[in-house]
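Heads up, the thing below is written out as structure tokens.
The values are calculated or read from the model by the stated rules, or taken from the named source; none is laboratory data. Owing to the predicted nature of the structure, the values given are computational and were not obtained by experimental measurement. Neighbour counts run over all protein chains shown; Cβ positions are idealised from the backbone, glycine included. Note: areas computed on protein heavy atoms with side chains; ligands, DNA, RNA excluded. Shrake-Rupley method; radii C 1.70, N 1.55, O 1.52, S 1.80 Å.
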Amino acid sequence: MEKTDRAKVATPAKRRGRPRAFEPDVVLGKAAAAFRDGGFAATSLDDLSEAMGINRPSLYATFGDKRELFLRAYELYRKEMNAAFSVAFEPGLSLRQTLEKLYATAIDVYLSGDNGPRGCFTVMTATSEAMADPDIRALVQKAFNAGRVALTKRLELAAEQGDLPADTNIPVLAQIGSGAFDTLAIRARARVPRAELETIASNIINLICD
């Protein structure tokens, strides 16, 4: 009986898992929107999975648990906000122009949202978790401090350039100016009309500049 030798064909090793079919920053942005809409406690993993367009196993594998996802979504938000507000600090702008850009940007952000104005992630969402979570509290305090420091430096520059009197109490003006963002965020979330928010911003600008 004739035997036929069969060549052994090597079977390619199968890759484990499936290639990631989403961009992390894109789905993180969707998670941030979900958290901003409903808050941390009221936003379930099912809500996040639906909003992000990925299943729960992929969510866990990529982002960890709900708290870790919250932290990463908030980190992305802060990064995006830093970029959005940075244009107001471009050289050549007067103090008034800088403030106008800052508050206009803030109002646009605070009034945005597919389900209604979301306000500020820091003020309206992260702050509510800061009481019980020291890591979130540290991030919130860092965000508040960063805003005040940036405004303080801009006011100091204005005093050096003569846009403000040399004896201006800059720390007080910086506190007033940075605190106004919190006021705008809260009122935007409460659906106060844009015109009223713009009036508040205009009055703060006049107070600082005049």
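Data overview
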{"item": "Solvent exposure of the chain as accessible area per residue, Å², 1.4 Å probe", "result": "61 Å²"}
{"item": "GNM top mover of Gly116, Gly29, Gly177 - the chain, alpha-carbon springs below 10 Å", "result": "Gly116"}
{"item": "Carbon/sulfur fraction of accessible area - the chain, other protein chains in place, 1.4 Å, %", "result": "52 percent"}
{"item": "Arg67 accessible area, 1.4 Å probe, all protein chains in place, Å² to nearest 10", "result": "80 Å²"}
{"item": "Cα-Cα P(r), region 34-78, percent of pairs per 10 Å interval", "result": "29, 64, 7"}
{"item": "Highest-fluctuation residue, Ala104, Ala42, Ala126 considered, GNM on the chain with Cα pairs under 10 Å", "result": "Ala42"}
{"item": "Solvent-accessible area of Glu90 with every protein chain in place, 1.4 Å probe, in Å² to the nearest 10", "result": "90 Å²"}
{"item": "Candidates Arg118, Arg36, Arg137, ranked by Gaussian network fluctuation over the chain, Cα under 10 Å, top entry", "result": "Arg137"}
{"item": "Solvent-accessible ranking of Leu151, Leu157, Leu93, largest area first, probe 1.4 Å", "result": "Leu157, Leu93, Leu151"}
{"item": "Paired Rg and Dmax values of the chain, which use every Cα atom, in angstrom", "result": "24.3, 109"}
{"item": "Kirkwood-based shape ratio for region 117-210, expressed as Rg/Rh from alpha carbons", "result": "1.04"}
{"item": "Net charge contributed by nearby residues that have their C-beta within less than 12 Å of Ala130 (K/R +1, D/E -1)", "result": "-1"}
{"item": "Three-way shape label, region 61-166, alpha-carbon gyration tensor, a/c 1.5", "result": "prolate"}
